[in-house]
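Heads up, the thing below is written out as structure tokens.
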Amino acid sequence: MSEAVDYFSNHQLKMRLPWRLYHGPIVHTAVRVVRESGAREVLNVGSGPFFEFSSLPQEGQRYTLCDIDSRAISLARSLHGERLAGADVLQPDAPLPYADGRFDLVLSMDVIEHLPRPGPWLADLVRVLRPGGQLFLTTPNYGSFSLLPLIEKTVLEAIARVQGFSRRGLHPTPFDKSSLVSTLREAGTTDIQVSTISFGWVLAATARRPHHS
């Protein structure tokens, strides 16, 4: 078994037990955010095959997704076809291929922790939001009262190895609530709110691009 993490192979597992205990509440929260935001143009960044698509509101929203893995985008296109407004392969470390202010809502679920330098990436997510538009992102909770770091190193690593991969090196930038709020603030967002979901294992954050930007 290779120690290298190929995240494409992990996508298909996330809505199965035990991973569903972690990811299920993330999808549920994303559904609520999409509905309450009133957004029409929605971008999902780092979506993988976008298995969540059928769970999200289909009430006039137009969903665009993007990922650095061409396999994930190909699978998303085959799964969802013309129901997607767009599906784009990203170049690592390059700006998002979208105009400033294009989207009402940007979703990014458990992506930021995979980035060694999340600041520029996050600022680019804010760039493609319209002024007043909303950002929703999630990330594992590495706060001092969270049991997730211990669980990851023991139980989840053991399960991952049985399923053919390792979690080592998966999250080079761990966040707690304070560091996530600081990173969002540095990216220029306002109205920052961070809550915990999934038994406290996940930080779920919403923020806005300022109206004056």
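Pick from region 111-164 the residues that are crowded, with 19+ Cβ neighbours inside 10 Å, at pLDDT below 90 and not small (G, A, S): which of them is nearest to P92 (Cα to Cα)?
E152
Could you list, in sequence order, all residues of region 180-211 that are touching a residue at least 40 places away in the same chain (Cβ under 8 Å), open to solvent by 40 Å² or more (accessible area, probe 1.4 Å) and in contact with a Pro (Cβ under 7 Å, 6 or more places away or on another chain)?
Once the filter is applied, which keeps residues that are touching a residue at least 40 places away in the same chain (Cβ under 8 Å), open to solvent by 40 Å² or more (accessible area, probe 1.4 Å) and in contact with a Pro (Cβ under 7 Å, 6 or more places away or on another chain), region 180-211 yields W201, H211.
Residue check: is Q12 open to solvent by 40 Å² or more (accessible area, probe 1.4 Å) and either at pLDDT 90 or above or in contact with a His (Cβ under 9 Å, 6 or more places away or on another chain) (or both)?
Spelling it out, it is not the case that Q12 is open to solvent by 40 Å² or more (accessible area, probe 1.4 Å) and either at pLDDT 90 or above or in contact with a His (Cβ under 9 Å, 6 or more places away or on another chain) (or both).
Please find, among E41, E82, the residue that is more than 24 Å from T173 (Cα to Cα), out of contact with any helix residue (DSSP H, G or I) (no Cβ under 8 Å at 6 or more places or on another chain) and open to solvent by 70 Å² or more (accessible area, probe 1.4 Å).
Of E41, E82, the one residue that is more than 24 Å from T173 (Cα to Cα), out of contact with any helix residue (DSSP H, G or I) (no Cβ under 8 Å at 6 or more places or on another chain) and open to solvent by 70 Å² or more (accessible area, probe 1.4 Å) is E82.
Going by what's in this entry, would D69 be described as surrounded by 13 or more Cβ atoms within 10 Å (Cβ to Cβ), touching a residue at least 40 places away in the same chain (Cβ under 8 Å) and within 15 Å of the chain's Cα centre (by Cα)?
The answer is yes for D69.
Counting only residues that are part of a helix (DSSP H, G or I) and under 21 Å from V194 (Cα atoms), how many does region 30-87 have?
Total meeting the criteria: 8.
The values are calculated or read from the model by the stated rules, or taken from the named source; none is laboratory data. In this text the structure is predicted, and so the values were computed from the model without any measurement. Glycine gets a Cβ as well: all are built from the backbone with ideal geometry, and neighbour counts include every protein chain shown. Heads up: the accessible areas ignore ligands, DNA and RNA and are worked out on the full protein's heavy atoms, side chains in. Shrake-Rupley method; radii C 1.70, N 1.55, O 1.52, S 1.80 Å.
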